[in-house]
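Down below is the structure, laid out as structure tokens.
The values are calculated or read from the model by the stated rules, or taken from the named source; none is laboratory data. Small disclaimer: the values here were computed from a predicted structure and weren't measured. Note that we place each Cβ from the backbone using ideal geometry, even for glycine, and neighbour counts take in every protein chain shown. Keep in mind that these areas ignore ligands, DNA and RNA; they rest on the heavy atoms of the full protein, side chains included. Shrake-Rupley method; radii C 1.70, N 1.55, O 1.52, S 1.80 Å.
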Amino acid sequence: MMHPSEIEFMAENEIIQIVPTFNHAGHVHLICGSYGPFRAGLPLNVPIWVALNLRQKKTCRILAPDWMAVDKLQERLEEEKASKFFTQLPSNFYLEITQMLLTVASEDIPQGNDIKTAVKDLWDLRIAKLRSSVDLFIKEGRVQASLNHLTPMEINSVRPVFPDTLDALMTLHEHINSSDDREDSSQSSIATPSSASFSPSL
Amino acid sequence: MDIDIRDLIDEEDEDNQEEMTAQKVLQNVERAWLNEKFSPEILPHQTDYVECLLEQIKSMEGNLAKLTKTDPKVDLHKLELERIKFVITSYLRTRLKKIESFCVSVLEEEATRSEEDAYLSPAELKFAKEFALNADNHFDTILRHMPHLYNNLDRNKKIIEPNLNSFVFLKCNKHIDSVIIKNTLEGQEEEIVLEDGSQHLMPYSSVAEFVKRGIVQLI
């Protein structure tokens, strides 16, 4: 089980561009890579968590990623509407990145509110698509599905309900199939870590 | 001469293995963290990588102590260390939770493995054994007061096994020619090809081997 904040944590490792307002000649040698040099007015690439930290100290300006523009997002939305499948998005963490950047650096991003609406529309559309495919999947009784281009946050939105439902369905079917050896009373219990409980059936 | 060259090559190979950057180690631990979070069973331990990172953190903390507080990079380094510590603790905690839940079955499986391909690290193994012992002691104390018939718990009554057929989301890092999926609904087997970079939903048991070899990433 993944908490949405943990997905946001992963999204913070994505790279974006910032324009620092200070000078720091050397590279900063982080464990996740070296970034720099920081020169006032010159854009450079850093992980989002670095960008947010510097922005909160007001020592940089964040440049919105290319895709984070109203017209680009509208194009994506049209594409998503036209396609039967999930389309590939420019970022695997579009929702989280938009949310984070607009919270911390709303002044740096033009048309912030419109972007927010467009991203929300895209999300709603994709989630609706996802829900209907989940429904179809269960009704058809399949055991494998391709989920290309779904982002971690979207996948997480159907977890744990969807996989757990399937698990329960499979367990029921297994019991029907093996009804012959139902006599076997000493069957060991099966559980997932989250629902496991130690219950000796006395 | 021949031998010399071979020695050189060997040495180079060793160097290559050791040349793994801190960045790679961090990525490995992050991947292990996600896999561990989503897999129903406990996976082979990655203690080498974790220890390596912990050492990095230690030396970094030593270096930071020497820097002046006004240096702009101090904050960034500190923040990064906190982020890495979060991943490591979350990873280890997830494993402990699984050990606690599936204590008996984890220990039984571990007993069949040799030291090289053990799934638990030595510290985790010690914890698991103590946990099992304490649980046993606890039940013994309670059951002593029960009617004679119920004085003992047999293995089947106290074992909890992970459901290896539970469904997982995964991303494939390499082309895999054939994955067999058992369809319990129709009582037959399906075979599919996993393309490089594709994402799927299927029972964990079908891809367990690939997850352990790092070819498949759980998401």
Residue hits (the range B:60-101; in contact (Cβ under 8 Å) with a residue 24 or more places away in the chain, basic (K, R) and within 7 Å of another protein chain (Cβ to nearest Cβ)) are B:K98
The condition of being polar (S, T, N, Q), part of a helix (DSSP H, G or I) and open to solvent by less than 70 Å² (accessible area, probe 1.4 Å) holds, among A:T117, A:T98, only for A:T98
Of those in the range A:58-86 that are hydrophobic (A, V, I, L, M, F, W, C) and in a strand (DSSP E or B), the residue surrounded by the fewest Cβ atoms within 10 Å (Cβ to Cβ) is A:L63
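Results for (1) buried (at least 16 other Cβ atoms within 10 Å of the Cβ); (2) at the interface with chain B (Cβ under 7 Å from one of its Cβ atoms); (3) in contact with a helix residue (DSSP H, G or I) (Cβ under 6 Å, 6 or more places away or on another chain); (4) not in a helix (DSSP H, G or I), shown as yes or no for each residue.
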{"position": "A:W123", "(1), (2), (3), (4)": "yes, no, yes, no"}
{"position": "A:K129", "(1), (2), (3), (4)": "yes, no, no, no"}
{"position": "A:D135", "(1), (2), (3), (4)": "no, no, no, no"}
{"position": "A:V143", "(1), (2), (3), (4)": "yes, yes, no, yes"}
{"position": "A:H149", "(1), (2), (3), (4)": "yes, no, no, yes"}
{"position": "A:M153", "(1), (2), (3), (4)": "yes, no, yes, no"}
When (1) over 15 Å from B:E41 (Cα atoms); (2) at the interface with another protein chain (Cβ under 8 Å from one of its Cβ atoms); (3) open to solvent by less than 70 Å² (accessible area, probe 1.4 Å); (4) part of a helix (DSSP H, G or I) are applied to B:T141, the one that fails is (2)
In the range B:165-214, anything part of a loop (DSSP other than H, G, I, E, B), of a type in the set (G, A, S) and surrounded by fewer than 16 Cβ atoms within 10 Å (Cβ to Cβ) is listed as B:G187, B:G197, B:G214
When the range A:7-49 is checked residue by residue, the ones that are free of Cβ contacts under 8 Å to residues at least 24 places away in the same chain and part of a helix (DSSP H, G or I) are A:F9
